[in-house]
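Input: a single structure, listed below in structure tokens.
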Amino acid sequence: MNDIAIRFNSVCKSYNVRERGYRSFHQEISDWIKSIIVHGKPLEQDTGLSSPNGIFWALKGVSFEVKKGEALGIIGANGSGKTTILRLLSKVTLPTKGDIDVSGKVAPLIQVGAGFHPELTGKENTYLNAAIMGLSKKEVDKKYDDIVSFAELNGFMDTPVKRYSSGMYVRLGFAVVANIDPDIFLIDEILSVGDLSFQRKCLDTMGKIRKSNKCIVFVSHNISAVRGLCDRVIWLNKGKIEQEGDPDNVINAYVSYMTTKSTFINDTSYVGGKTRWGTGEARFTKVEVLNAKGVRVDRIHAGDKIVVRLEYEAFQKIDSPTFWIGLMNKDEIKVFGTYYNKNRVGEYAVNGKGSLSCVIDSLPMRPGPYYVMAGIYGDIGDLAIDRIGRVAEFKIESMNGNEYDDYNGYGAEGAVNLPHRWNHFDKT
Amino acid sequence: MFFKNLYNNREILYQLTLRQIKARYKQSVLGIFWVILKPLFMMIIFTIIFSKMVKVPTDGIPYPIFSYCALLPWQFFSSAFSTATSSLVGSSNLIQQIYFPREIFPLSSIIASLFDFLIASTIFITFLIYYKINITFISFYAILLFMIQGLLIIGLSLFGSALNVFYRDVGHALQFIIQIWMYATPIIYPLSIVPEKILPVYLLNPMAGIIDGYRKVIIQGLSPNWTYIGISASVTLLCLFFSYKYFRKVEMKFADLI
């Protein structure tokens, strides 16, 4: 009993869509006048619960428990109710039905900027942020040095935070939360902002937090982060728990569900693209294989240099997507795959048309047909934005005199032809 | 209940207030001088118009100090009321992410305005010396009046800030309301010229009795008119009571609506 940190008991949360967001007097007055004209008297105020119209149920009977020392991941598409759960946990809003038991101090990781004032220095903001989390000045005094060194912001604490990079913001925010010692940690998307080494540090810290009998609720689209951190995962779908349990099982089910729900599947619109799927925020417009001179080719020789050129169009701003290409041989074996993402070049974003190319200096492969596969993936997970199998094909032909092709008889096996040499020392 | 909540969250209140004060003074070049200059300029303009061009009776008080004595607390009233009213909407990010008693937002705005008021008051002391006005025991009634004014501001701000979450027009309407309110308060003219007939209605404006009281106790060295103060205090307490009830009632809707 006592090792339960959070208990949700068939929690429902509704929003009155009519009430959602603020209104202005003239809207109110014109509604009122309209209702008098139409009905002859003012309408009864719609209390919301009585009528199904105008009510949006963000959560429809959600029950779960989180034990102390456990890390729970919550995944789901936008609008599935993830944020509502966090808001209920941090007590900024109340459930419409059902009850919630939370034992211990809850600390939400406040979004970048919300708790900070741009004009104030890092130090002033640290005290402000810690106070919001319920710490007294004395307690912050004690932890101040730890916070600064954790955030790796030595020498920047007297700088106004408006001069900070987004990474520095997040580091400071996380450092404050990590050092205030809450019982329950609420973490939203946020970690995708920091650089890799800091993300690692945060994950390590969260690992330590878990061991000290605290619990973590991690809400994210970042499926690999959820997989790496959480003991248990809940997949929310339209306000209900679709599946709950072991991270791998739930995540796999979620990814395959999202893939079938992709806006296009088995779309053969792309010439040469046999299968295609993805969520569609961006699409490849052209994928081609070029030779060393930049000319489009469909026949090359083993060991030649090739360039795979990708053209895409993003229909909205996408932060740090991952571009991927793979080569497949006639036996449908992936012989090579490589990706381009922020780990190579740092944070970036795409919007509109663009292109990139991957230069492969040498292709030491067996003769035969090869296929190019290409994909764009979001920064935050395994869901394809656009993924095409067999988007281009080319043939590696044998050629006499080519070091790769001279000995392609029986026994020359395998998907690739590694550069090699034979030596025989006791030949008579 | 109200005060216990505040005491438990005094650190947040302190830090949020500090944030506003620091941010305000860091952003502007003239910084601290703005809060002094604003009522000072208004006083100068009022003096030119209402004592040189239009003769407004002042119960025998020199016009500059007559108007400054009213403008200073009025300035506090209007800036505290208007910044506090937008305080919840301005902190929507925080409200959606973390819970602490929501009245902290308007209160910290009020305290930040109080800080400005204290700075602007320093110049008032110079005036008192210049016009050779004696501070007597009676002058300390001003503290009582100031407390009533403070409670009035808290009441109005609780109501205004909560209503602003539901209706954004409140923000626009407020500037207008404050302007009219100023003319309905004896700031540029003395309370003594208000016709007897409308006086019962006029005094329902709690600021009327308070502003009149300041002049009496500080400048004229007279006791305040206790009937007027009694009306002001009663209206203030009623306003505080209902505003606080309303605030509590809608408080948990803020995060959903803001």
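The values are calculated or read from the model by the stated rules, or taken from the named source; none is laboratory data. Model, not experiment: these values are computed from the prediction. Note that we place each Cβ from the backbone using ideal geometry, even for glycine, and neighbour counts take in every protein chain shown. Remember, those area values only see protein heavy atoms, side chains included, never the ligands or the DNA or RNA. Shrake-Rupley method; radii C 1.70, N 1.55, O 1.52, S 1.80 Å.
Summary of values
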{"quantity": "Heavy atoms of A:VAL250 accessible to a 1.4 Å probe, total area in Å² rounded to 10", "calculated": "0"}
{"quantity": "Cβ crowding within 10 Å averaged over residues, with A:234-244, A:144-154, A:166-176, A:342-352 ranked highest first", "calculated": "A:166-176, A:234-244, A:144-154, A:342-352"}
{"quantity": "Probe 1.4 Å, all protein chains present, accessible-area order of A:ASP188, A:ASP405, largest first", "calculated": "A:ASP188, A:ASP405"}
{"quantity": "Mean Cα-pair separation over length for the range A:68-259, i.e. relative contact order, pairs under 8 Å, 6 or more apart, %", "calculated": "35"}
{"quantity": "Relative contact order of the range A:264-397, pairs being alpha-carbon contacts under 8 Å that are 6 or more residues apart, as %", "calculated": "34"}
{"quantity": "Per-residue mean of C-beta atoms belonging to partner chains within 10 Å, peptide A:119-132", "calculated": "4"}
{"quantity": "Share of carbon and sulfur in the accessible heavy-atom surface of the protein assembly as shown [1.4 Å probe, %]", "calculated": "58"}
{"quantity": "Solvent accessible area, Å² - A:TRP57, 1.4 Å probe, full protein context", "calculated": "80"}
{"quantity": "Å³ per residue enclosed by the Cα convex hull of the range A:264-397", "calculated": "105"}
{"quantity": "Charge dipole (debye, nearest 20) of the range A:264-397; +1 at Cβ of Lys and Arg, -1 at Cβ of Asp and Glu", "calculated": "320"}
{"quantity": "Centre separation in Å (Cα based) which lies between the range A:65-119 and the range B:26-88", "calculated": "46"}
{"quantity": "Relative contact order %, the range B:2-257, counting alpha carbon pairs below 8 Å whose residues are six or more apart", "calculated": "25"}
{"quantity": "Exposure of B:LEU144 as accessible area (Å², to 10), given a probe of 1.4 Å and all protein chains", "calculated": "80"}
{"quantity": "Protein-only accessible surface order, largest first, of B:TRP181, B:TRP74 at 1.4 Å", "calculated": "B:TRP181, B:TRP74"}
{"quantity": "Rg/Rh (Cα only; Kirkwood hydrodynamic radius) as it applies to the range B:2-257", "calculated": "0.98"}
{"quantity": "Computed lengthening from A:GLU311 to A:PHE425, 0.36 nm per intervening residue step minus Cα-Cα distance", "calculated": "35.8 nm"}
{"quantity": "Net charge dipole size for the protein assembly as shown [Lys, Arg +1 and Asp, Glu -1 on Cβ; Debye, nearest 20]", "calculated": "1480"}
{"quantity": "Protein accessible surface hidden between B and A, which excludes ligands and nucleic acids, total in Å², probe 1.4 Å", "calculated": "3000"}
{"quantity": "Measure of compaction for the range A:347-428 (Cα Rg per 2.2 N^0.38 Å)", "calculated": "1.66"}
{"quantity": "Protection-proxy order for peptides A:212-219, A:312-319, A:384-391, each taking the mean of Cβ atoms within 10 Å per residue, highest first", "calculated": "A:384-391, A:212-219, A:312-319"}
{"quantity": "Total lysine pairs whose alpha carbons fall under 24 Å of each other in chain B (8 or more apart, or interchain)", "calculated": "17"}
{"quantity": "Most to least accessible of B:ASP256, A:ASP248 (protein chains only, probe 1.4 Å)", "calculated": "A:ASP248, B:ASP256"}
